[in-house]
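Step one of this worksheet: look at the structure below.
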Amino acid sequence: MRILLTYEWNEMGGLEIVIVNMTRELIALGHTVKFFGPGPEDGWLSSALRKCGAEVRTYRYRGALDISLFQQLKDEIRSWKPDVVHSHDYWMSIYGAAAARSLGVRHVMAMHGNTRYREARYRRTAMRWAMKHSAAVIAISQDTRRELIQSLGSIAERVVVVPNGVPIRSGNAARGARSAGLAESEQLILAVGNTWHRKGFDVLIAACSLLPSTLAWRLVIAGRHEESASQLQMQIAELALSNRVSLVGARDDVPDLLAAATVFALPSRWEGLPLVILEAMHAGVGVVASAICGVPEAIRDRIDGLLVPADDPGALASALERLLSDERLRQKLAASARERAAKHFSASAMTEHYLRIYAGSTLG
């Protein structure tokens, strides 16, 4: 198949990694993939997709309701002649549905938890139109599907769920421990994500300050530093945790850090279905996470990990202490999570689902 993927960002993030993982799988299966996305030419996503073997075409985007973007996408579809156009998230799903429909090409749209369509009536109207004129509409979790139905009504009842999936990547525990600056007596608590407020790293740092002094631990937060990173650094200093908590920025050795970790923490206030928790499940790490959005669809409380309320440092501290202190429980939960991830949340399973939809099948 010839598959044209469209999206509105060109940076590094969870959705972008989903697109890269899927592209790698599609090309390995013999399909041809082209990405139509914003500049710059050397943006993170464009560069990663080229390394996978995809062709990349960048567009000029002047903001919402850009008629020139519609024409650019229409010209791309007309000249490249894809079998399917697959648009990701809100704005490009609108443009993708309109351009593909005008040329009689199959259009598939996928929503990854973006809720900007709720912000204005005209956006909700545009979303309903795009859904009506797409061959398939996909949500990454049941929670995302419920949100679409609540916001958009009966048109969203036709949405099917395809969970995110990640490739299985093995890491080196010794190398990860050195990278984290882990002392021999310390247990590593790992968190991964850009330092946005919604990631809840302030809650995690506060929770770690409540851990008993008898535990030897180190917290490493790996992810691109946003504006809130300076606030987190101030919090770390105020709680006298500078010798135990490190913000290490974006890293390409996350598999090594996961291999070295005792506990993976996801303290988010909001997520779709986060890739990092799926990677932690595959790595066999004990997981403590907020019981929000799509997370309980991956981690079943006290079966695959421990779930706690968001924005509750006390509950998070108790769960962290429990896993740090109880190796038998930690190993039991991690083994269950690894088995569940292999069955439901692999990159290959995700790609197979998308291919069935591209070809006109439903998920049943």
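At the residue level, ILE17 shows approximately 40 square angstrom of accessible surface with a 1.4 angstrom probe and all protein chains present.
In this view, the solvent-accessible surface of HIS197, computed with a 1.4 Å probe and all protein chains in place, comes to about 120 Å².
Exposure here means at most 11 other Cβ atoms within 10 Å; with trypsin sites (Lys or Arg not before Pro) in a DSSP loop as sites, the longest stretch of the chain lacking them is 63-364.
Taking every DSSP helix (H) stretch of at least 4 residues in the chain, weighting each as -39,500 (n - 2.57) and dividing the sum by the residue count yields a mean residue ellipticity at 222 nm of -13500 deg cm²/dmol.
Would you kindly calculate the translational diffusion coefficient of the range 158-313, applying Stokes-Einstein with the Kirkwood radius from alpha carbon pairs, for 10 °C and a viscosity of 1.306 mPa s, and quote it in µm² s⁻¹ without decimals? In µm²/s, the coefficient is 101.
Both radii were evaluated on the Cα set of the range 11-120; the Rg over Rh quotient, with Rh as the Kirkwood radius, amounts to 0.94. Just add up the charged neighbours of ALA341: K/R +1, D/E -1, any other residue whose Cβ is under 11 Å from the Cβ of ALA341. The answer is 0.
Counting only heavy atoms of protein chains, what accessible area per residue, in Å², does the range 251-296 have with a probe of 1.4 Å?
Values: 950 Å² over 46 residues.
Heavy-atom accessible area per residue stands at 21 Å².
For the range 139-149, the Karplus equation 6.51 cos²θ - 1.76 cosθ + 1.60, evaluated at θ = phi - 60°, returns couplings of 10, 7, 7, 5, 5, 5, 4, 4, 4, 4, 5 Hz by residue, with Gly and Pro reported as x. Rounded to whole numbers, the Karplus 3J(HN,Hα) couplings from phi for the range 113-121 are x, 5, 10, 5, 5, 7, 6, 8, 4 Hz, using 6.51 cos²θ - 1.76 cosθ + 1.60 with θ = phi - 60°, and x at Gly and Pro.
Here the accessible area of the chain is 49 percent carbon and sulfur, with a 1.4 angstrom probe and all protein chains present. Annotation: amide H of SER346 within the under-5 Å range of VAL166, sequence separation 5 or more or interchain, hydrogens built in the peptide plane. Against the criterion of solvent-accessible heavy-atom surface with a 1.4 angstrom probe, MET234, MET12, MET109 sort, most first, into MET234, MET12, MET109. Just so you know, the Cα atoms of the chain work out to an Rg and Dmax of 21.1, 66 Å.
Output the 0 to 90 degree angle, nearest 10, between the alpha-carbon long axis of helix 347-358 and the longest principal axis computed from the alpha carbons of the chain. Computed tilt is about 20 degrees. Backbone amide hydrogens, once placed in the peptide plane, bring TYR59 within less than 5 Å of GLY37, GLY39, excluding anything fewer than 5 places away on its chain.
Cα centroid distance between the range 188-254 and the range 1-71, in Å? If we compute the Cα centre of each part, the gap is 32 Å. The residues of the range 1-52 expose, per residue, 39 Å² of accessible area to a 1.4 Å probe. Calculated accessible area for the range 297-341 comes out at 52 Å² per residue, all protein chains present (probe 1.4 Å; ligands, DNA, RNA ignored).
The values are calculated or read from the model by the stated rules, or taken from the named source; none is laboratory data. A quick note: this is a predicted structure, and the numbers were derived from the prediction, not measured. In this analysis, Cβ positions are derived from the backbone assuming ideal geometry, glycine residues included, and neighbour counts consider all displayed protein chains. Side chains are part of the model used for accessible areas, which takes the heavy atoms of the whole protein and leaves out ligands, DNA and RNA. Shrake-Rupley method; radii C 1.70, N 1.55, O 1.52, S 1.80 Å.
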